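Input: a single structure, listed below in structure tokens.
The values are calculated or read from the model by the stated rules, or taken from the named source; none is laboratory data. Predicted model only: the values in this text are computed from it and were never measured. As a convention, Cβ positions derive from the backbone with ideal geometry for all residues, glycine included, and neighbour counts pool all protein chains shown. The accessibility values were calculated without ligands, DNA or RNA, using every heavy atom of the protein model including side chains. Shrake-Rupley method; radii C 1.70, N 1.55, O 1.52, S 1.80 Å.
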Amino acid sequence: MTDLGDFDLAVIGGGVNGAGIARDAAGRGLSVLLIEKHDFAEGTSSRSSKLVHGGLRYLEYYEFRLVRESLIEREVLLRAAPHIVRPMRFVLPHSPEQRPAWLIRLGLFLYDHLGGRELLPSSGALDLARAPEGEPLRQAFSRGFAYSDCWVDDARLVVLNVLDASRLGARVLSRTELISARRDGGEWSLSLRSGALESRARARGLVNAAGPWVEDVERATGANSAKRVRLVKGSHLITAKFWRGEQAYLLQSPDRRVVFVSPYEEDFALIGTTDVPFAGSPEDVAIEESEVDELLGLVNRYFRRGPTRDDVLHCFSGVRPLFDDGADDASAITRDYVFDLDAPAGAAPVLTIIGGKITTYRRLAERALERLQPFFPAMTPLWTKGATLPGGALGGLGFSGFLSALASRNPWLPAEVALGYARRYGSRAEDLLKDAKSLEDLGRHFGGGLYEREALFLAAKEFAASADDVLERRTKHHLRLTPEQRSSFEVWFDAKNRTRTV
Ligand SMILES: Cc1cc2nc3c(=O)[nH]c(=O)nc-3n(C[C@H](O)[C@H](O)[C@H](O)COP(=O)(O)OP(=O)(O)OC[C@H]3O[C@@H](n4cnc5c(N)ncnc54)[C@H](O)[C@@H]3O)c2cc1C
């Protein structure tokens with residue numbers, strides 16, 4: 001059995017919340033262990049609608065605290081990671097049966113003013129009968145509104161936090177599961193498993209950031225929180241993009257839920273999400289036929305030439321680990337987060353995280369550490385608000401200036417490959433390209449813009465340990481590979497990985 005040693009803080013769960021807490025804590029001088037039982041972001045944090053948003057809809061539930069915090073975080077994250085976070089304009093076709101225009105105007109006014117907006121444009125009315133954004137919509141939708149939020153590559157947001165945590169000295173381990181944790185004197189004694197290997201570690205404090213598995217981890221630690229989690233499934237469809245322009249659409253369903261239709265990876269559309277109460281193991285979550293019908297039905301209610309079943313290229317589902325506030329309806333359950341601190345006198349603390357959004361992860365991490373401050377009085381001050389994430393320092397050029405500079409330094413790089421590298425790696429694209437002078441220097445091309453060099457970079461620098469880690473989370477190359485190309489990449493990557501780890 002390997003002994004990983006002693007840590008101040010052990011964080012269980014490498015989703016956005018665990019990764020964010022590990023990064024923040026490592027930057028505040030704590031020795032940190034972060035463990036994730038699968039790949040980083042393989043849980044809920046790669047299955048979101050990928051919006052860094054205030055959540056216009058939450059205003060109806062009077063969630064002003066959450067909306068304000070989220071609106072502020074939008075611009076904090078846009079500044080911290082301008083390569084993976086970008087502004088997105090949303091068109092909201094007016095559908096008076098769902099909500100009257102005055103209510104939407106009021107919501108947008110609050111949205112514009114609640115959160116210290118500096119970078120994003122304000123909202124406004126749209127004459128959809130004339131504006132180009134109305135062109136793909138049915139004639140009945142002649143009026144609408146436009147407002148701004150941000151889009152994020154959720155899985156990359158997680159891995160950038162993990163990378164930063166590691167840079168700051170945290171020990172970060174994927175494919176390592178917490179089996180049990182027992183209080184032993186003033187510390188936690190942890191039993192971990194990676195494949196067939198068992199290991200142990202000790203920590204003065206524990207954070208349970210296991211998302212939908214939070215109650216399983218609670219059982220493994222013997223802690224017993226009075227706060228419960230409600231699991232709500234959400235599914236998305238991916239099709240070819242079926243409208244012109246960069247804008248996304250927010251569609252209201254007959255039951256007043258909302259569905260986003262966003263441009264995705266240049267040529268694709270992301271349609272989601274549903275809200276379905278979920279029981280069972282989060283590992284087994286999958287889309288149901290009724291969800292596909294619901295999403296396609298709604299899109300076709302608004303779009304003149306929306307996708308059909310045959311146009312659906314991929315689907316994915318995730319499970320929201322929501323704080324159970326007793327709401328009857330899955331859409332009405334709060335999206336805010338709560339903490340449960342279990343710290344009997346003289347015993348080591350465990351902080352359980354319930355709920356939270358991609359958008360609020362950074363602030364959630366700050367607040368989590370505030371709760372743990374009494375146990376770690378030497379912790380240095382807050383630091384993440386003005387800090388960039390890896391690759392996010394674009395030299396004051398803005399994303400498009402940075403992309404032009406990258407393309408002109410590497411004129412041999414195809415435009416779509418340069419765009420992909422700039423978006424995924426930002427200023428770290430230079431580490432990836434290093435001495436490359438021609439396309440041949442990037443090695444074998446597997447199809448869809450995936451070259452050997454990028455895959456090796458991800459294995460060496462971003463903890464990618466399987467072909468799926470590369471294709472589905474560190475990148476979205478899976479969207480552009482044929483089944484044959486995918487299997488030849490898998491064979492190649494597994495062989496490389498075996499020689500790397502022997
Ligand atoms: C359909 C859908 C759409 C969403 N859209 C948005 C959106 O647009 N914007 C937004 O801000 N938020 C959105 N969210 C919410 C957001 O995705 C989640 O709140 C967030 O990802 C939760 O992160 P987490 O770190 O708590 O959980 P997770 O990402 O699930 O991470 C928990 C991790 O813990 C690991 N783990 C579990 N047990 C153990 C163990 N014993 N040992 C080690 N590791 C363990 C799991 O493998 C998992 O990776 C959406 C959620 C869903 C489901």
Discussion item. Please give the charge dipole size of the chain, origin at the Cα centre, charges +1 on K and R Cβ atoms and -1 on D and E Cβ atoms. Round to the nearest 20 debye.
Written reply: 1000
Discussion item. Taking the solvent-accessible surface of protein heavy atoms with a 1.4 Å probe, what is the per residue accessible area of segment 64-176 in Å²?
Written reply: 40
Fill in: the chain - share of DSSP beta bridges that are antiparallel (%, nearest 5)
75
Discussion item. Can you give me the distance in nm between label points at VAL491 and ALA279, each placed 7 Å from the Cα along the Cα-to-Cβ direction?
Written reply: 4.6
Discussion item. For segment 197-320, take N as its residue count and report Rg(C-alpha) divided by 2.2 N^0.38 Å.
Written reply: 1.38
Practice prompt. On the protein heavy atoms, probe 1.4 angstrom, tell me the percent of accessible surface of segment 231-286 carried by carbon and sulfur.
Written response: 52
Worksheet item: HN-Hα J couplings of segment 119-134 from phi, Karplus 6.51/-1.76/1.60, θ = phi - 60°, integer Hz, Gly and Pro as x?
Response: 9, 8, x, 7, 7, x, 7, 10, 8, 5, 5, 10, 5, x, 5, x
Practice prompt. Apply the Karplus parameterisation 6.51 cos²θ - 1.76 cosθ + 1.60, with θ equal to phi minus 60°, to every residue of segment 450-458 and state each ³J(HN,Hα) to the nearest whole Hz, in sequence, with x for glycine and proline.
Written response: 8, 10, 3, 4, 5, 5, 5, 4, 5
Worksheet item: Can you pick out the pairs among LYS385/LYS461; LYS37/LYS233; LYS476/LYS496; LYS233/LYS357; LYS50/LYS476; LYS434/LYS496 whose Cα atoms lie more than 18 Å from each other?
Response: LYS385/LYS461; LYS37/LYS233; LYS476/LYS496; LYS434/LYS496
Fill in: Tensor-based shape of segment 398-501 (alpha-carbon gyration tensor, a/c under 1.5 rounded, otherwise prolate or oblate)
prolate
Response to the item:
Eigenvalues of the alpha-carbon gyration tensor of segment 1-151, times 5 and square-rooted, give semi-axes in Å, largest first, of 40, 16, 14
Item to complete: Report, in deg cm²/dmol and to the nearest 500, the calculated mean residue ellipticity at 222 nm for the chain, where each DSSP H run with n ≥ 4 adds -39500 (n - 2.57) and the sum is divided by the residue count.
Response: -9000 deg cm²/dmol
Fill in: Segment ASP6-SER142, length gained on full extension (0.36 nm per residue, minus Cα span)
42.6 nm
Item to complete: Would you give the gap between the C-alpha center of segment 347-397 and the C-alpha center of segment 210-243, rounded to a whole Å?
Response: 21
Worksheet, complete the sentence: So the FRET efficiency between ASP127 and GLN98, C-beta based with R0 = 25 Å and rounded to 0.05, is 0.80
Item to complete: Could you give log10 I(q)/I(0) at q = 0.06, 0.07, 0.09, 0.12 Å⁻¹ for the chain, computed by the Debye formula over C-alpha point scatterers of equal weight, without solvent?
Response: -0.27, -0.38, -0.63, -1.16
Worksheet entry | Pair THR380, GLU246: separation of 7 Å Cα→Cβ label points (nm) | 3.7
Worksheet, complete the sentence: Percent relative contact order for segment 398-501, counting Cα pairs under 8 Å at least six residues apart, stands at 19
Practice prompt. For segment 398-501, build the charge dipole from Cβ charges (+1 Lys, Arg; -1 Asp, Glu) around the Cα centre, then report which of SER438, PHE402, LEU471 sits farthest towards its positive end.
Written response: PHE402
Worksheet item: How long is the gain from GLU266 to ALA286 if the chain were fully straight, where each residue apart is worth 0.36 nm and the alpha carbon distance is subtracted?
Response: 4.7 nm
Practice prompt. Give the carbon-plus-sulfur fraction of the accessible surface of segment 398-501 in %, rounded to a whole number; probe 1.4 Å, heavy atoms of protein chains only.
Written response: 54
